[in-house]
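A.B. asks: Input: one structure, supplied below.
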Amino acid sequence: MDQKKWQLVQQHFGEIEYLDDGYYRLKNVGERFKLAFLTSGACGEKVIQPEITIEWVGGRAVPIALLDLAATPIKRWDRSETEKLESAAEVLLTKFCLAKRLTAAGK
């Protein structure tokens, strides 16, 4: 997972924010973070697509779980899916950075 992108997302995103295509959420849960992109469902509920749980391991942010309620079938990955988690985290971080036009040099 790109640590510079992670730092940018931490600096520029808060609890929940609506931007052009959906809701962007960065939630601090104890010693972990939940990074999620959500859209509105048919009944107005927020649908996770996806949410990635991130924790600090050896001074690095590491994705440890993924939940995607919009996927068919629903995706639920844990630490045993390391490569898939890393790839999904990179895609989601890029989506967050593009939503606010963030670069490694800052906003």
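The values are calculated or read from the model by the stated rules, or taken from the named source; none is laboratory data. Bear in mind that the values here come from a model prediction, so they are computed numbers and not experimental data. Glycine also receives a Cβ, built like all others from the backbone with ideal geometry; neighbour counts cover every protein chain displayed. Note: accessible area is taken over every heavy atom of the protein model, side chains too, but ligands, DNA and RNA are not part of it. Shrake-Rupley method; radii C 1.70, N 1.55, O 1.52, S 1.80 Å.
A.B. asks: Taking the stretch 1-46 on its own, how many of its residues are in a strand (DSSP E or B) and not β-branched (Val, Ile, Thr)?
C.D. replies: 19
A.B. asks: OK, next. Which one of these does residue 44 not meet: (1) at pLDDT 95 or above; (2) open to solvent by 30 Å² or more (accessible area, probe 1.4 Å)?
C.D. replies: (1)
A.B. asks: Quick check on my filter: what residues within the stretch 68-80 are in a helix (DSSP H, G or I) and under 20 Å from residue 29 (Cβ atoms)?
C.D. replies: Scanning the stretch 68-80 gives a single hit, 79.
A.B. asks: In the list 65, 61, 89, which residue meets the criterion of being in a helix (DSSP H, G or I) and over 17 Å from residue 22 (Cα atoms)?
C.D. replies: Selected residue: 89, the only one of 65, 61, 89 that is in a helix (DSSP H, G or I) and over 17 Å from residue 22 (Cα atoms).
A.B. asks: Got at least one residue in the stretch 8-29 being among the small types (Gly, Ala, Ser), open to solvent by less than 50 Å² (accessible area, probe 1.4 Å) and over 22 Å from residue 102 (Cβ atoms)?
C.D. replies: No, the stretch 8-29 contains no residue that is among the small types (Gly, Ala, Ser), open to solvent by less than 50 Å² (accessible area, probe 1.4 Å) and over 22 Å from residue 102 (Cβ atoms).
A.B. asks: Does residue 91 fit the bill of being within 12 Å of the chain's Cα centre (by Cα), of a type outside the set (S, T, N, Q) and open to solvent by 70 Å² or more (accessible area, probe 1.4 Å)?
C.D. replies: yes
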